[in-house]
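The values are calculated or read from the model by the stated rules, or taken from the named source; none is laboratory data. Keep in mind it's a predicted model, so treat the numbers as computed, not measured. Neighbour counts run over all protein chains shown; Cβ positions are idealised from the backbone, glycine included. Calculation scope for accessible area: heavy atoms of the full protein, side chains included, ligands and nucleic acids excluded. Shrake-Rupley method; radii C 1.70, N 1.55, O 1.52, S 1.80 Å.
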Amino acid sequence: MSAKIAVIYYSATGNVHQLAKAVAEGAEKAGAEVRLRRVAELAPDSAIDANPAWREHVEATKDVEVATLDDLVWADAYAFGSPTRYGNIASQLKQFIDTTGGIWQQGVMANKPATGFASAHNANGGNESTILALYNTFHHWGSIIVSPGYTNPVVYPAGGNPYGTAHPGGAGAPSEDTLAAARYQGERLTDITTRLLTGRSA
């Protein structure tokens, strides 16, 4: 039985997009069927055009499908990613989450594994609090939080964040160490999900 993983993210200039792709790659490597989805952009064109990197990323990812509630219904597990906005998740991702009330009442997300990842400008610019903010939502959904912890040495070269892969965007694009940690996070999410689906122990 293949686990179905929805990787849902918001990215302005591309760092979280790169993390999301790596999480998806790790999940696929572990045998999952994956849907990689971006949430809709809400910012006005004037704001996007003021940052050439933002406009470039918007144009480059037009072909990435936009997340819908059906992706949450379809999936056995979730990986959510967001840039940090004052230590919290971006409004674009929050807006999508805020549309889930109906399927939350139906228990769609309950008992499904979920994990989070983030990117802030600085190493200590709110990455941990952003991931924990995502986990607040998962608690309300009744999901099963699957953090990477320190379950694999690959976590350490990527900054050693036990809550989820995090990237300091001011340093440029995610390093190979960071992408390796994100791939592991996708693998771990898939492994735990598969165990729950099949009743397999460690």
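Summary of computed values
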quantity	calculated
Value of Rg to Rh for the chain (Rh from inverse mean 1/r over Cα pairs, i.e. Kirkwood)	0.95
Added length on full extension, which subtracts the Cα-Cα distance from 0.36 nm per residue, S46 to Y156	35.7 nm
Potential lengthening between T100 and E33 on full extension [0.36 nm per residue; Cα-Cα distance subtracted]	21.9 nm
Spatially close lysines, pair count over the range 1-158: Cα under 18 Å, gap of eight or more or interchain	5
Most fluctuating residue given options D49, D191, D76, as computed from a GNM of the chain linking Cα atoms under 10 Å	D49
Chain lengthening between S2 and V66 when straightened (0.36 nm per residue, less Cα-Cα)	20.7 nm
Estimated FRET transfer efficiency when R0 is 35 angstrom, pair E176-T198 (beta carbons, to 0.05)	0.60
Helical mean residue ellipticity (222 nm; -39500 (n - 2.57) per DSSP H run of 4+; nearest 500) of the chain	-12500 deg cm²/dmol
Most mobile of R37, R188, R55 in a GNM of the chain (Cα contacts under 10 Å)	R55
Accessible area (Å², per residue) of the range 107-202, counting only protein heavy atoms and a probe of 1.4 Å	44
Highest-fluctuation residue, A79, A120, A110 considered, GNM on the chain with Cα pairs under 10 Å	A110
Neighbour cut-off at most 16 other Cβ (10 Å), DSSP loop, GluC sites (Glu not before Pro), the range 1-103	E65
